[in-house]
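Colleague: Quick one: the structure is below, questions incoming.
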Amino acid sequence: MNPPGNAPILRLEGITKRYNIGTDVETEVLHGITLALQQAEFVALKGPSGSGKSTLLNIMGLLEPPTAGQLEIAGQPAQSLDDAGLTALRGATIGFVFQFHHLLPAFTALENVLLPFIIRHGTATPEAEALARELLHRVGLSGAEYKRPGELSGGMQQRVAIARALSQKPRLILADEPTGNLDTVSADEVFELLRDFNRDHGSACLIVTHDPRLALRCDRVIELVDGRVVSR
Ligand SMILES: Nc1ncnc2c1ncn2[C@@H]1O[C@H](COP(=O)(O)OP(=O)(O)O)[C@@H](O)[C@H]1O
Ligand SMILES: [Mg+2]
């Protein structure tokens, strides 16, 4: 499912999002967002709290439909797909990292990393397990394979979540404040991991961050204010 030629990995045109449609508290939180992310680009998304960053990421990640506008992932128009098609495109193309990692507490680090594979293919293969171990090694967690999230520090849990997001070798990584609740050292480590993966695999990455130091280390910064892109 390679996009033709140099098609952007992600293209949005005139995306709006309204909540509580038809009620007297109807609000529009995104007002016609048009932007593109090129293959292998590493871009920061910044903006004040409430400006619509998470809403935008959820739409880009096919987790929520826009109210209006067009969205294309890897050259594929999202509106041409049904739910099963959206789920398949999401699983094949996108890796998510959230501020709160959503690891499953009853499962080990290794099992958490294998989960997307199991969801997609029904069962873990030896190859998938080998890749999961390699990813845990790359994020500095060799030896922690059989630890549960509760036995790991916040930074370590976030690194498990990144290994999980990368386990499908996504062409697009969407990271919503992945370093938001980490100390500076852990935040830098997590950022560098995403940067390395971007360099090594050419995965495009959009990272929501409030940290100007990290934004400076991205290829480009997109700024959102009150549901509008004010600089890109
Ligand atoms: N499910 C929802 N229903 C109603 N309003 C929502 C919903 N989700 C987000 N919003 C509103 O949309 C705006 C943007 O929120 P969000 O995308 O979370 O911003 P950010 O991530 O930039 O802090 C906020 O005003 C928020 O209250
Ligand atoms: Mg947010």
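The values are calculated or read from the model by the stated rules, or taken from the named source; none is laboratory data. Every value quoted in this text rests on a predicted model; they were computed, and no experiment measured them. Note that we place each Cβ from the backbone using ideal geometry, even for glycine, and neighbour counts take in every protein chain shown. Surface areas here come from the heavy atoms of the whole protein model, side chains and all, with no ligands, DNA or RNA. Shrake-Rupley method; radii C 1.70, N 1.55, O 1.52, S 1.80 Å.
Colleague: So what's the back-of-envelope 222 nm ellipticity for the chain, counting only DSSP H runs of four-plus at -39500 (n - 2.57) apiece and dividing by all residues, rounded to 500?
Modeller: -10500 deg cm²/dmol
Colleague: Work through the residues other than G155 whose Cβ is under 11 Å from its Cβ and net out their charges, Lys, Arg +1 and Asp, Glu -1.
Modeller: Residues close to G155 contribute a combined charge of -2.
Colleague: When Rg is the radius of gyration of the Cα atoms in region 71-167 and Rh is its Kirkwood radius, what does Rg/Rh come to?
Modeller: 1.03
Colleague: I would also like to ask the following. Can you give the angle from 0 to 90° between the axis of helix 109-121 and the longest principal axis of the chain, with both taken from C-alpha atoms, to the nearest 10?
Modeller: 60 degrees
Colleague: Mind checking region 6-47 for GluC sites (Glu not before Pro) that DSSP puts in a loop (not H, G, I, E or B) and that have at most 13 other Cβ atoms within 10 Å?
Modeller: When the GluC sites (Glu not before Pro) of region 6-47 are filtered for loop state and at most 13 Cβ neighbours within 10 Å, E26 remain.
Colleague: Quick check: at a probe of 1.4 Å, how many percent of the accessible area of the chain sits on carbon and sulfur atoms?
Modeller: Of the solvent-accessible surface of the chain, carbon and sulfur hold 53 percent.
Colleague: Show me the three semi-axes of the equivalent ellipsoid for region 50-99, from the C-alpha gyration tensor (sqrt of 5 times each eigenvalue), largest first, rounded to whole Å.
Modeller: Ellipsoid semi-axes (Å, largest first): 18, 14, 9.
Colleague: To the nearest whole percent, what portion of all C-alpha pairs in the chain is separated by more than 30 angstrom?
Modeller: 24 percent
Colleague: In degrees from 0 to 90, rounded to the nearest 10, what is the angle of the helix 126-138 Cα long axis to the longest principal axis of the chain?
Modeller: Long axis of 126-138 versus the principal axis of the chain: about 80 degrees.
Colleague: Let me ask another. Quick check: with the 1.4 Å probe, what order do S80, S203 take by accessible area, largest first?
Modeller: Final ranking, largest accessible area leading: S80, S203.
Colleague: Also, quick follow-up: Of the residues R164, R138, R213, which exhibits the maximal mean-square fluctuation in a Gaussian network model of the chain defined by a 10 Å Cα contact cut-off?
Modeller: R213
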